[in-house]
1. Considering only the range 1-29, how many residues are under 18 Å from Gln82 (Cα atoms) and touching a residue at least 40 places away in the same chain (Cβ under 8 Å)?
2. Identify, by number, the condition in (1) aromatic (Phe, Trp, Tyr); (2) surrounded by 12 or more Cβ atoms within 10 Å (Cβ to Cβ); (3) under 21 Å from Glu106 (Cα atoms) that Trp31 doesn't meet.
3. Look through Leu38, Leu12 and report the one residue that is within 21 Å of Glu99 (Cβ to Cβ), assigned to a strand (DSSP E or B) and of a type in the set (A, V, I, L, M).
4. Is it true that some residue in the range 46-64 is part of a loop (DSSP other than H, G, I, E, B), within 23 Å of Leu6 (Cβ to Cβ) and within 11 Å of the chain's Cα centre (by Cα)?
5. When only residues in the range 72-106 that are among the charged types (D, E, K, R), part of a loop (DSSP other than H, G, I, E, B) and at pLDDT 85 or above count, which is surrounded by the most Cβ atoms within 10 Å (Cβ to Cβ)?
Amino acid sequence: MRETKLRRVCFLLKVRQDRLEDYRRDHETVWPEMLDALSRHGWRNYSLFLRPDGLLVGYLETPDWDAALAGMQDEEVNVRWQAAMQGYFEALGDAKADESMQPLEEVFHLV
């Protein structure tokens, strides 16, 4: 069996200070169909970390970041999820959160 090389992706977003508790609550039970879609499109080991000031750090591993994002764009559940998340974030303008995830440059990794 051939091993698939996974790319580690880390991104930052900012949750509005007045919405932190709501954001936490909404992530206690992510919709099962959303979880299925993420898995289907190569999102692995996906985690979100939230600092008290609202800084959100996302981390995931995927064989192809561009394909992982593009695949989710075609999912009806993602359209609903992004609409539900829209009011949580600072400085997105008209963009959706998933359109604003810009991967950070990885400069070190200890294997």
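1. Within the range 1-29, residues that are under 18 Å from Gln82 (Cα atoms) and touching a residue at least 40 places away in the same chain (Cβ under 8 Å) number 10.
2. (3)
3. Just a single option satisfies the conditions, and that option is Leu12.
4. Taking every residue of the range 46-64 in turn, none turns out to be part of a loop (DSSP other than H, G, I, E, B), within 23 Å of Leu6 (Cβ to Cβ) and within 11 Å of the chain's Cα centre (by Cα).
5. Restricting to residues being among the charged types (D, E, K, R), part of a loop (DSSP other than H, G, I, E, B) and at pLDDT 85 or above, the top hit is Glu75.
The values are calculated or read from the model by the stated rules, or taken from the named source; none is laboratory data. It should be emphasised that the depicted structure is a prediction, and the values quoted were computed from it without experimental measurement. For neighbour counting, all protein chains shown are included, and Cβ atoms are generated from backbone atoms with ideal geometry for every residue, glycine included.
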